[in-house]
Amino acid sequence: MFFDLASSQDFDVVDLALVGLELCGTYLLDNGQSGWDGFVNIDMPMTSRQSIGRIANRLKWRPGLGKAREAMGLVVDGCHSPMESVLLALLTFPRRLGGLGLSGARANYRIATPSGDRFADIAFPELKIVFEYKGRRYHLPEQAGRDDRRQNSLVGLGWTVINVWYEDLVDSQLFARLESVALKAAGKRDRIRSDSFRGRQQCLRARLIPRLRKWASIA
């Protein structure tokens, strides 16, 4: 199915990467028919980057094969929700596509702590940075307390923990602040980028986030 989509002119690299993130993640989009925010969680991913890569290596020639391989280079196994995939894409997609170009991301990454294993939504192990996506809904006090204690254990081990809310992704000013914090934590220069990059970044955000999709026809 993935390679059939790659052969279609209706799917570009970003479209395919989003499909790949879903196939290799533990969620299924369901158009809001069940679950919340249009997805349901599953116990196991349908496939993995490695499995799709093995199929690609067996295909000697097929329309869209190069596009498929490029898209799989953007996929990370294990995202647990569509918005985790969105956050990962904004952080890791190359700048030519509007992302920040950070490398080495892992999704739902297991980190051993003195109080037990913790799973980080998106982690950059080499940089010791964790991004925790908080979602659109406030957590219950009990859940918030568990999250705080989990974060404390990670900070105690030298990890930088960056909390990300839905509003940080959809509001341009808040997203700019998140971008600055992420680059500073990664040791990257927070330099002013060109208008062309900002245009690509806005288009990417518009494609990834439903509320912003109407911008794609303007940018």
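Things to note:
- Chymotrypsin sites (Phe, Trp or Tyr not before Pro) restricted to DSSP loop in segment 1-80 with at most 14 other C-beta within 10 Å: 61
- The heavy atoms of residue 106 present about 120 square angstrom of accessible area, all protein chains included, probe 1.4 Å.
- Around the Cα centre of segment 59-126, unit charges on the Cβ atoms of Lys, Arg, Asp and Glu (plus for the first two, minus for the last two) sum to a dipole of about 420 debye.
The values are calculated or read from the model by the stated rules, or taken from the named source; none is laboratory data. Since we're looking at a predicted model, the values are computed, not measured. Cβ sites come from the backbone with ideal geometry, for glycine too, and all protein chains shown count toward neighbours. Each accessible area value is taken on the protein alone, full model and side chains, heavy atoms only, with ligands, DNA and RNA left out. Shrake-Rupley method; radii C 1.70, N 1.55, O 1.52, S 1.80 Å.
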